[in-house]
1. Mind checking which strands (runs of 3 or more DSSP E) fall wholly inside region 91-132 and carry at least 1 residues that are touching a Leu at 6+ places or on another chain (Cβ under 6 Å) and free of Cβ contacts under 8 Å to residues at least 24 places away in the same chain?
2. Give the residues of region 175-198 that are under 19 Å from the mean Cα position of the chain (by Cα) and of a type outside the set (A, V, I, L, M, F, W, C), sorted by residue number.
3. Every residue in region 87-122 that is β-branched (Val, Ile, Thr), loosely packed, with under 13 Cβ neighbours inside 10 Å and modelled with pLDDT under 95, please.
4. Return yes when Asn71 is out of contact with any Ser or Thr (no Cβ under 6 Å at 6 or more places or on another chain) and touching a residue at least 40 places away in the same chain (Cβ under 8 Å) and no when it is not.
5. Hey, can you tell me all the residues within region 132-166 that are of a type in the set (D, E, K, R), within 21 Å of Asp80 (Cα to Cα) and in contact with a strand residue (DSSP E or B) (Cβ under 9 Å, 6 or more places away or on another chain)?
6. Name the residues in region 64-90 that are basic (Lys, Arg) and part of a strand (DSSP E or B), would you?
7. Got at least one residue in region 32-41 being in contact with a strand residue (DSSP E or B) (Cβ under 9 Å, 6 or more places away or on another chain) and modelled with pLDDT under 90?
Amino acid sequence: MKTKIKNLFLVSTVIVLSSVFLVGCGKKTTTTNTTKSQPVVKSIEFKDEEKPYISLIPRADGHELKLKIDNIPSSVNQIDYELIYTAVDKTTKLEMEKGVGDTIKEIDKKVEKDLLLGTASCTNGCKYAYDEGITGGTLTLTFNTDDGQISFITPFSLISSADIKTKALTLPTENITINATTTTKSDFFVLLKNLKSAYSVFSNGTGAGKITSITPSTITKQDMNSLVGDYLSQ
């Protein structure tokens, strides 16, 4: 009986060792970490005569901005845009960063996009929740061509005609201040730095009023009886 048990033990041991040997002799698999390299995008620049003209026109209620890009070079095949601004939360009254952006793939000499300052729910008729307390932010435009990319980041400010009477139209990051009075009661104005050597003011109305001073003095405007238009940097 002891001999029989011993023989069974030897047979079991041989089977186990054979299995281990066969597994060890099988095809080995090795895992290698492959990282896809991101394509390098070349940064290029527009020539002065190629630079598009940027408009950011507020709606009559100030809850939407119309982005217009004119004189787009034929070399541009795609434009990415992003508007970042600071709003005030209705409940907590704390400031928070908001934004809206997209890609424009159908490019012509000019393009237009409506940028809602808030959210829209259009499942069963459109309902809007507008952001409040917006005074400005930044606009980022990326122009894509076959040769590379041109990126443009500019600050903008948003103010009502009622506030212009007590506050100035200003871009703190650019150290530009426009002191003025307006003849309108409820218009909105946007001031931004344009692609060329100019600052531009846009309004949903005529922008009629009187500019009393511009700081710094190196920035001038031809028509001092209208806030809208280009302010040239000398």
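The values are calculated or read from the model by the stated rules, or taken from the named source; none is laboratory data. Given the structure is predicted, the values throughout are model-derived calculations rather than measurements. Because the Cβ atoms are built from the backbone with ideal geometry, glycine has one as well, and the counts that use them run over all protein chains shown.
1. So the answer is 95-104.
2. Kept after step one, since they are under 19 Å from the mean Cα position of the chain (by Cα), are these residues of region 175-198: 190-195.
Answer for region 175-198, where residues must be under 19 Å from the mean Cα position of the chain (by Cα) and of a type outside the set (A, V, I, L, M, F, W, C): Lys193, Asn194.
3. Once the filter is applied, which keeps residues that are β-branched (Val, Ile, Thr), loosely packed, with under 13 Cβ neighbours inside 10 Å and modelled with pLDDT under 95, region 87-122 yields Thr91, Thr92, Thr119.
4. For Asn71, the condition - out of contact with any Ser or Thr (no Cβ under 6 Å at 6 or more places or on another chain) and touching a residue at least 40 places away in the same chain (Cβ under 8 Å) - is not met.
5. Asp146
6. Lys66, Lys68
7. yes
This table checks each residue for (1) without any contact (Cβ under 8 Å) to a residue 12 or more places away in the chain; (2) farther than 28 Å from Tyr81 by Cα; (3) in contact with a Leu (Cβ under 8 Å, 6 or more places away or on another chain); (4) surrounded by 21 or more Cβ atoms within 10 Å (Cβ to Cβ).
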{"residue": "Thr177", "(1), (2), (3), (4)": "no, no, yes, no"}
{"residue": "Thr181", "(1), (2), (3), (4)": "no, yes, no, no"}
{"residue": "Asp187", "(1), (2), (3), (4)": "no, no, no, yes"}
{"residue": "Leu192", "(1), (2), (3), (4)": "no, no, yes, yes"}
{"residue": "Ala198", "(1), (2), (3), (4)": "no, no, yes, no"}
{"residue": "Phe202", "(1), (2), (3), (4)": "no, no, yes, yes"}
{"residue": "Gly207", "(1), (2), (3), (4)": "no, no, yes, yes"}
{"residue": "Ile211", "(1), (2), (3), (4)": "no, yes, yes, no"}
{"residue": "Thr220", "(1), (2), (3), (4)": "no, yes, yes, no"}
